[in-house]
Amino acid sequence: MRLFMSSLFLCLVFYSEQKSTPQDDSYVAAVVEYQVNTNVSINTQNYVDLIKEAAEKNADIIVFPEMTLTRGQRRIPIPFHGILKTTPIPALNPELYDEILVSISAAARVHQIYVVINVQEVMDCNNAPGEYCPEQKEYLFNTNVVFDRNGAVIDRYRKINLFGEFTRTPALKPELGVFTTDFGVTFGHYICFDLMFQVPAVQVVQKHNITDVIFTTMWFSEMPYLTAVEIQEAYTYAMNVNFLAAGANNVRVGSAGSGIYSGKAGSLISVMPGVPTTRLLVAKVPKVPGEIKEDYPGPIRDDPKALDSLVLISDPSLPSHMSRPLVSGSQEFTLTTNEISCKFSVKLQLKDGEQFYRYRAAAFTGVRSFSGMATGGNRICSVVACIGDTMDTCGRRFPSYQENTTGIFEELSITAIMPTPQRVQELDADDSVFYPVSLDVAINPLKPEQYTYEKALSADGLKTHFSFKLNGLTRSLYSFAVWGRVFADDGKEATPPLSSGDNSIFMRVPVLCLLMLSIFLTL
């Protein structure tokens, strides 16, 4: 026992010497792309091993994905307002807590590292002191749990916006996840589908002036605007934050994609795999987003052919987009719909033949369905690749990747004139947000140096001009868009297609996603 305690002390001293401090201008973060496994015991041990590996790489914090630790019927009480107030370190009180909390607490404590996990939380209101219980029954939540370097549970966040999680309940009170570290950084955190909504994704940044955000996710990638790393990097850029995104990996149902991003510098390290994998991603993160002072790994790009195995759904609102085909050569035109105007300037070389992509410019203001789970307002100006000549063939890849099937964009710029976002005072958050969204053939966004994204107010302040343009020639483009969310339109009926053409593939998208989700959640 004495030898063990001496070894533990040396371990603690070793790791404490590597810790970042409030005076440092950066910290070290780790996120995990984790391959889904149904065995909870194996998952727990894998998590402990990954915590150790991250600590050996001097990470101050490690983030694990949504719903990859507890599976199926495994449920964990997280009495954050109960016994965790008085005995916050499960490792020192193993008789009081689920063995998973004890194991993760011990690993965080031994390796002196902050740890963020996601679990299926159970709360029995017949024995839940300090908790808000509108009914005396058992509730299930999708929950992030945060441990500090001592293994203490310091924060709990319950997912607000559920995605097909029919047995779970949204947070009974929409409380934001926020915690402060000993290295001088305050983090906001939320879960997966939450990214699409004003509360919490916009509010947690704007209300609390947060510059660092943690994202646990099991994302279902959707072309052309919402594949995983694509929207992670776009959010980072638009909100100008550091973003630590840990994604579940199950490519057969379309889940993959993780990264560490820093403001307008984009990806410090990220991966969008097309194959089953578990990967630990580590990067030094500047405390001022985007202010990079040294080299960093950047995107880890898999062979585009490997992405053939990644299931990708399509945006069901595409048939509702006003659109116009792009042709070879130079062209300038404007698409206007309702309160938005989209000006396009394009110089394009297209290739002839059925095996080559066509392109359409599009404009949309309306309401879309999120795979039948919810609806949300959109304002979009975009250029998207299509496998046919009509809008219902856009937002899709050919079944197998072939090189040199995309057009060559010598020039491409979009000027989107949108109503200016307004602050909702009671939420202290904007009522709309706009992202620079792009996608290449490796299902990755373009690098920030490949484009310029700027915004400017009109003279009366009522409109904002978003300018998004390519810097130089691009050969591998699937989408390029100013993609906006309009939260006041959430919950309204989805905008119908513009015509009565054959939209069968889009009508099947909600059913396909529901099928994939049901398979995934029952693993």
Note to self: So in region 44-61, with the set limited to residues that are outside any helix (DSSP H, G or I) and on the phi < 0 side of the Ramachandran plot, which one is nearest to the chain's Cα centre (by Cα)?
What the structure shows: Ile61
Note to self: Please list, ordered by residue number, the strands (runs of 3 or more DSSP E) wholly in region 265-331 having 3 or more residues that are out of contact with any Cys (no Cβ under 7 Å at 6 or more places or on another chain) and surrounded by 20 or more Cβ atoms within 10 Å (Cβ to Cβ).
What the structure shows: 266-271, 279-286
Item checked: Thr186 vs. criteria open to solvent by 10 Å² or more (accessible area, probe 1.4 Å), touching a strand residue (DSSP E or B) at 6+ places or on another chain (Cβ under 6 Å) and of a type in the set (Ser, Thr, Tyr) -> yes
Next item on the list: Would you check which residues across region 313-354 are of a type in the set (S, T, N, Q) and more than 32 Å from the chain's Cα centre (by Cα) and list them?
Entry: Ser328, Ser330, Gln331, Gln349
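Residue-wise test of (1) within 30 Å of Leu462 (Cα to Cα); (2) open to solvent by 60 Å² or more (accessible area, probe 1.4 Å); (3) touching a residue at least 60 places away in the same chain (Cβ under 8 Å).
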| position | (1), (2), (3) |
| --- | --- |
| Thr336 | yes, yes, no |
| Lys343 | yes, yes, yes |
| Lys347 | no, yes, yes |
| Glu354 | no, yes, no |
| Cys381 | yes, no, yes |
Next item on the list: Please indicate, with yes or no, whether at least one residue in region 397-406 is under 14 Å from Asp315 (Cβ atoms) and either modelled with pLDDT under 95 or part of a loop (DSSP other than H, G, I, E, B) (or both).
Entry: yes
Notebook entry, point to check: Between a first residue in region 225-236 that is touching a residue at least 40 places away in the same chain (Cβ under 8 Å) and a second residue that is among the aliphatic types (A, V, I, L, M) and open to solvent by 10 Å² or more (accessible area, probe 1.4 Å), which pairs have beta carbons less than 8 Å apart while being 6 or more apart in sequence or on different chains?
Noted result: Thr227/Leu312
Next item on the list: Tell me which residues, restricted to region 118-149, are out of contact with any helix residue (DSSP H, G or I) (no Cβ under 6 Å at 6 or more places or on another chain) and polar (S, T, N, Q).
Entry: Asn118, Gln120, Asn126, Asn127, Asn142, Thr143, Asn144
Next item on the list: State whether the residues of region 501-513 include one that is at pLDDT 50 or above and open to solvent by 40 Å² or more (accessible area, probe 1.4 Å).
Entry: no
Margin query: If the requirement is being within 30 Å of Pro496 (Cβ to Cβ), modelled with pLDDT of 95 or more and in contact with a Pro (Cβ under 6 Å, 6 or more places away or on another chain), which of these qualifies: Ser262, Ser320, Ser270?
Written below: Ser320
Checklist line | Failed condition for Ala362, given (1) open to solvent by less than 70 Å² (accessible area, probe 1.4 Å); (2) within 30 Å of Ser458 (Cα to Cα); (3) part of a loop (DSSP other than H, G, I, E, B) | finding: (3)
Margin query: Against the conditions (1) under 23 Å from the mean Cα position of the chain (by Cα); (2) part of a strand (DSSP E or B), where does Asp194 fall short? Just the number, please.
Written below: (2)
Checklist line | Residues that are more than 13 Å from Pro445 (Cα to Cα) and in a loop (DSSP other than H, G, I, E, B), drawn from region 471-491 | finding: Asn471, Gly472, Leu473, Arg475, Asp490, Gly491
Next item on the list: Give the residue that is surrounded by the most Cβ atoms within 10 Å (Cβ to Cβ), with candidates limited to residues of region 62-88 that are out of contact with any Lys or Arg (no Cβ under 7 Å at 6 or more places or on another chain) and among the hydrophobic types (A, V, I, L, M, F, W, C).
Entry: Ile62
Item checked: Any hit, region 93-105, residues being among the hydrophobic types (A, V, I, L, M, F, W, C), assigned by the TED database to the domain that holds Leu50 and assigned to a strand (DSSP E or B) -> no
Margin query: If a residue must be crowded, with 21+ Cβ neighbours inside 10 Å and outside any loop (DSSP other than H, G, I, E, B), how many such residues does region 106-117 contain?
Written below: 8
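The values are calculated or read from the model by the stated rules, or taken from the named source; none is laboratory data. Worth saying up front: this structure is predicted, and the values here are computed from it rather than measured. Quick reminder, even Gly has a Cβ in these numbers, built from the backbone with ideal geometry, and neighbours come from all protein chains shown. Ligands, DNA and RNA are excluded from the accessible area calculation, which covers all protein heavy atoms including side chains. Shrake-Rupley method; radii C 1.70, N 1.55, O 1.52, S 1.80 Å.
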